[in-house]
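Shown next, in structure tokens, is the structure this report addresses.
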């Protein structure tokens, strides 16, 4: 069952980049005391994620932060090396925090996994956007597979 608005984000270890180095980060620590817009994509370098989902967040990241958000973060079921390469290729710079969920532990803990084995992609994350305040889910927008509608950057602005 998927996480519900009002519930605490499960504590899962992810990987990110700090000061140019790959580091582990626990979600309890990452979300504690912060207001974060989190969005998830099924996979780095995939067409819908690269052409539609991520670019909207790159474009609106500063505006989202101006609305009282401490960080904009992206999670995907890829390793941190792939996520870093994708962010470099897309010109993300420091606008968005990468949160690599290489084993889909976070997606599974949230109940937002996507079984893409039929397409040779294994278990991935569903495409979603969320507002998390001090570790508690305040808003969640989950798209149907292959779509970027309610999980896009312009849609999460309505929750701010």
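The values are calculated or read from the model by the stated rules, or taken from the named source; none is laboratory data. Here the structure is a predicted model, which is why all the values come from computation and not from measurement. Ideal geometry is used to build each Cβ from the backbone, glycine not excepted, and the neighbour counts take in all protein chains shown.
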Next on the checklist: Whether any residue in region 120-130 is surrounded by fewer than 21 Cβ atoms within 10 Å (Cβ to Cβ) and part of a helix (DSSP H, G or I) is what I want to check.
Outcome noted: no
Checklist entry - Does at least one position in region 5-14 carry a residue that is surrounded by fewer than 20 Cβ atoms within 10 Å (Cβ to Cβ), at pLDDT 95 or above, assigned to a strand (DSSP E or B) and out of contact with any strand residue (DSSP E or B) (no Cβ under 9 Å at 6 or more places or on another chain)? => result no
Checklist entry - Any chance region 87-96 includes a residue that's closer than 16 Å to residue 16 by Cα, in a strand (DSSP E or B) and at pLDDT 95 or above? => result no
Item to check | Residues (touching a helix residue (DSSP H, G or I) at 6+ places or on another chain (Cβ under 9 Å), touching a residue at least 12 places away in the same chain (Cβ under 8 Å), farther than 22 Å from residue 32 by Cβ and surrounded by fewer than 20 Cβ atoms within 10 Å (Cβ to Cβ)) located in region 77-103 | outcome: 89, 90, 91, 102
Next on the checklist: Among the listed residues 74, 49, identify the single one that is touching a residue at least 24 places away in the same chain (Cβ under 8 Å), in contact with a strand residue (DSSP E or B) (Cβ under 8 Å, 6 or more places away or on another chain) and part of a helix (DSSP H, G or I).
Outcome noted: 49
Checklist outcome for this item: Exactly one of 56, 43 is assigned to a loop (DSSP other than H, G, I, E, B) and either surrounded by fewer than 20 Cβ atoms within 10 Å (Cβ to Cβ) or touching a residue at least 60 places away in the same chain (Cβ under 8 Å) (or both), and that residue is 43
Checklist entry - Of the residues that make up region 107-118, is at least one surrounded by fewer than 16 Cβ atoms within 10 Å (Cβ to Cβ) and outside any helix (DSSP H, G or I)? => result yes
